[in-house]
Amino acid sequence: MVFADRDDAGRRLAARLEHLRGEPIVVLGLPRGGVPVAFQVARALGAPLDVIVVRKLGVPFQPELGMGAVGEDGVRVINPEIVDLAGVSQNVLAAVQAREQAEVDARAGWYRPVRPREPLGGRVAVVVDDGIATGSTARAACQIARAAGAARVVLAVPVAPPGWQARIGADADELACAGTPRGFRAIGQSCARFPPVSDDEVIACLERAAVPPSPAQAGTVRAAAAADPPGREQEVRPEAGVVRLAGYLTVPEDGPGIVVFAHGSGSSRHSPRNRYVAGVLNEAGLGTLLVDLLTPEEEADRANVFDIGLLAGRLAEVTRWLRAQPRAARAAVGYFGASTGAAAALRAAAEPGAGIAAVVSRGGRPDLARPRLAAVTAPTLLIVGGRDEVVLDLNRRAQAELRCENGLAVVPGATHLFEEPGTLDTAAGLARDWFLSHLTP
């Protein structure tokens, strides 16, 4: 069994948990990788989403191998067999534990800057991770949920090795898994796309999670449903010359504008950061099209990823396709570009008759479109992290060559990927406001 990504894994895992619909459940994701999976489960079941912060205790010379885990509330799970086999002394184990416990405490503070933990007393805790390896972190999370008063603990994962149930034992009352492939070696082998998840993405999932009314407010959890973002996302296959590309299109009803995303090198339409920004735009009533400008075969040649002319041409062809769609025919079109995608967006916007209403660059490389910057007429906003010093300098130089209405917004404390807590949210808000001011009548 192969999932497209963590979102796909979460949706398919949710189908295994339909019998819980109507019960007073709370979905608890394990940061970082388990949270995007848990987000989809919570959304499908109309349940609130929270996290349980747990950290693996990695063997010092082989950190991917877990010899235990620590979590919130001081919970500790140790696998003595691995400790013995690895020859880890008690002093070394204690040092690893102290380091990881400090990380647990720090992350818990990042993920809950304002709202308290979701109460578990008398409720069903659905603990979700993106897979099971040794099971130590999952066991620790289940123990935390039970200590917090959960009436029942359900552990749910998309993938696990055969016989994984024995590793969990009595720490969970119910186990759910979408697949147990033979020859299991690593969680990531069951996902076609399995990129690392940042703390910012965890926070974004928590902020976007739809929290249904409590039973006291609505009479029953079943009556509540997770809110879909305005409009409904659909997979599309835009034509670009002789190739068909892959994308996600969302068009809210009566939306005045649509923003086409041009991703940077190494990214795609599945980018959690860009999907978060797209969600912010959707909530503001704007449509979005996240599209891969290269086919998988073309992406294999790294030269294509940095071919700004090719990417800009594809973006222009995708825009023509979009304008031919009945739902998008009357909408103004804007471009959102990240990294090298920003250069493609500016170059495409500079073409005669492009008719692009606005451009936003996040952590972009507008300098790569330097020969065409003076020809850009679309109002352009450059968003750069304050700690992304090299790219910030490149953006300042590029801004000096723009002749259109433009702005440079520096997000304090942000590095290139806007991974720091709150920085991606700030960037998304800046993009939203720029597009609303230029794409709406």
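The values are calculated or read from the model by the stated rules, or taken from the named source; none is laboratory data. Bear in mind that the values here come from a model prediction, so they are computed numbers and not experimental data. Note that we place each Cβ from the backbone using ideal geometry, even for glycine, and neighbour counts take in every protein chain shown. These accessible areas exclude ligands, DNA and RNA; they are computed on the full protein's heavy atoms, side chains included. Shrake-Rupley method; radii C 1.70, N 1.55, O 1.52, S 1.80 Å.
Values computed for the structure shown
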quantity	calculated
Residues located in region 94-116, provided they are open to solvent by less than 60 Å² (accessible area, probe 1.4 Å), in contact with a helix residue (DSSP H, G or I) (Cβ under 9 Å, 6 or more places away or on another chain) and either among the small types (Gly, Ala, Ser) or more than 17 Å from SER136 (Cα to Cα) (or both)	ARG107, ALA108, TYR111, ARG112
Enumeration of residues in region 329-345 that are crowded, with 20+ Cβ neighbours inside 10 Å and either assigned to a helix (DSSP H, G or I) or basic (Lys, Arg) (or both)	THR340, GLY341, ALA342, ALA343, ALA344, ALA345
Total residues in region 39-70, condition of a type in the set (Gly, Ala, Ser) and over 30 Å from GLU81 (Cα atoms)	4
Residues of region 163-190 classified as of a type in the set (D, E, K, R) and more than 20 Å from ILE144 (Cβ to Cβ), total	2
Positions within region 408-419 being open to solvent by 40 Å² or more (accessible area, probe 1.4 Å) and at pLDDT below 90, in sequence order	HIS416, LEU417, GLU419
Region 53-93 - residue that is of a type in the set (Val, Ile, Thr) and within 14 Å of GLU103 (Cβ to Cβ) and, of those, surrounded by the fewest Cβ atoms within 10 Å (Cβ to Cβ)	VAL53
For THR426: the one exception among (1) touching a helix residue (DSSP H, G or I) at 6+ places or on another chain (Cβ under 8 Å); (2) open to solvent by 50 Å² or more (accessible area, probe 1.4 Å); (3) among the β-branched types (Val, Ile, Thr)	(1)
Residues located in region 370-401, provided they are open to solvent by 80 Å² or more (accessible area, probe 1.4 Å) and in contact with a Ser or Thr (Cβ under 7 Å, 6 or more places away or on another chain)	ARG387
Elements of type helices (runs of 4 or more DSSP H) in region 271-327, at least 1 residues being touching a helix residue (DSSP H, G or I) at 6+ places or on another chain (Cβ under 9 Å) and acidic (Asp, Glu)	272-283, 296-299
Any chance VAL159 is touching a residue at least 24 places away in the same chain (Cβ under 8 Å) and within 30 Å of ALA428 (Cβ to Cβ)	no
Qualifying residue in region 189-207 (condition: within 21 Å of ILE25 (Cβ to Cβ), open to solvent by less than 60 Å² (accessible area, probe 1.4 Å), modelled with pLDDT of 80 or more and not β-branched (Val, Ile, Thr))	yes
Considering residues of region 117-142 that are open to solvent by 40 Å² or more (accessible area, probe 1.4 Å) and under 22 Å from GLY46 (Cα atoms) only, the residue modelled with the lowest pLDDT	ARG117
Total residues in region 268-304, condition surrounded by fewer than 21 Cβ atoms within 10 Å (Cβ to Cβ) and β-branched (Val, Ile, Thr)	1
Where LEU368 falls short, out of the listed (1) under 22 Å from the mean Cα position of the chain (by Cα); (2) under 17 Å from THR340 (Cβ atoms)	(1)
